[in-house]
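Undergrad: Below are the structure tokens for one structure; questions will follow.
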Amino acid sequence: MLDGLHRLATLIHPVHPAVLRGVLLQWLTDAHYEAGTLQQRREVSSRGDWVNQNSFGTDRYQFLLRTADTLVRELPDLVVARPHGSLVLNLNGAAIYQFRMENPPHGLVRAGDFREELLSDEPADTGQLELLTGAFLHLGGRELVLLPWAGTDTGGLREAWIGSGALNAEKKIDWDWCLSFDHLVTGSPDGPPGTHLATGFDGPEPKVDLRPRTDEAGTEAG
């Protein structure tokens, strides 16, 4: 597990993993809060209750898609890419791909054509470029770092993980390394040994306030 921490630190250097964790968790938390708030408004609409999970998922995804550029305020080296309408956060040597998973990190991945190509370790069907994977072609040589998360409109963001791996034939991820975002900072006794950042990195860990924001980044989707 400590090898995974060092791998992550190397890929995103000079950004500290705890800083990345705080920024991304706040963003994901805000997305759940804003989309959940819109769900509550639907319950009291003058035309009746029209709450549904499709609308919540769409609102949540559109928040992430449309507000990703605001992360540059806290991660100046970040470059946001939207290949095929998806979302990839390029940070130094890492291409971070966030996506919802029912039971991360070992649940089934709902994969469309682009996601399957991105998460696959099979060579892309490019004729002359048979030695290059689809992920390499999309990510410009950066290492793909996966960020699966789970959450609901009523419970908010439940959990998030980060790691590197590839999609297998069972539509699950074979992880090379994988870390719980909670255990990265809290050092929870329920987590694997050696995952607390203080064991692998010098310097104090930043304090992260995961209450939903009310600034412009937290209200854009509304």
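The values are calculated or read from the model by the stated rules, or taken from the named source; none is laboratory data. The model shown is predicted, which means the values in this text are computed figures rather than measured ones. Virtual Cβ from ideal backbone geometry, glycine too; neighbours counted across all protein chains shown. These area figures cover heavy atoms from the full protein model, side chains too; ligands, DNA and RNA do not enter into them. Shrake-Rupley method; radii C 1.70, N 1.55, O 1.52, S 1.80 Å.
Undergrad: Please state which one of Val79, Val51, Val88 is more than 17 Å from Gly156 (Cβ to Cβ) and open to solvent by 10 Å² or more (accessible area, probe 1.4 Å).
TA: Val79
Undergrad: Suppose the filter is open to solvent by less than 10 Å² (accessible area, probe 1.4 Å) and at pLDDT below 95; does Gly163 pass it?
TA: no
Undergrad: How many residues are closer than 14 Å to Gly107 by Cα and either buried (at least 17 other Cβ atoms within 10 Å of the Cβ) or at pLDDT below 95 (or both) if we restrict to region 175-197?
TA: The number of residues fulfilling the criteria is 1.
Undergrad: Restricting attention to strands (runs of 3 or more DSSP E) lying wholly within region 1-111, give those where 1 or more residues are more than 19 Å from Asp182 (Cβ to Cβ), of a type outside the set (S, T, N, Q) and touching a residue at least 60 places away in the same chain (Cβ under 8 Å).
TA: Here the list reads 88-91, 94-100.
Undergrad: Exactly one condition in (1) touching a Gly at 6+ places or on another chain (Cβ under 7 Å); (2) open to solvent by less than 30 Å² (accessible area, probe 1.4 Å); (3) at pLDDT below 95 is false for Leu11; which is it?
TA: (3)
Undergrad: Which one of the conditions (1) among the acidic types (Asp, Glu); (2) within 14 Å of the chain's Cα centre (by Cα); (3) exposed (fewer than 13 other Cβ atoms within 10 Å of the Cβ) does Asp30 fail to meet, given that it meets all the rest?
TA: Going through the list (1) among the acidic types (Asp, Glu); (2) within 14 Å of the chain's Cα centre (by Cα); (3) exposed (fewer than 13 other Cβ atoms within 10 Å of the Cβ), Asp30 breaks only (3).
Undergrad: Still on this structure, please answer the following. So, in region 143-155, how many residues would count as being surrounded by fewer than 20 Cβ atoms within 10 Å (Cβ to Cβ) and part of a loop (DSSP other than H, G, I, E, B)?
TA: 2
Undergrad: Right, another one. If a residue has to be surrounded by 16 or more Cβ atoms within 10 Å (Cβ to Cβ) and out of contact with any Ser or Thr (no Cβ under 8 Å at 6 or more places or on another chain) to count, how many in region 106-117 make the cut?
TA: 2
Undergrad: Anything in region 66-76 that is closer than 18 Å to Pro14 by Cα and either touching a strand residue (DSSP E or B) at 6+ places or on another chain (Cβ under 8 Å) or open to solvent by less than 30 Å² (accessible area, probe 1.4 Å) (or both)? List them, or say none.
TA: Within region 66-76, Leu71, Val72, Leu75 qualify.
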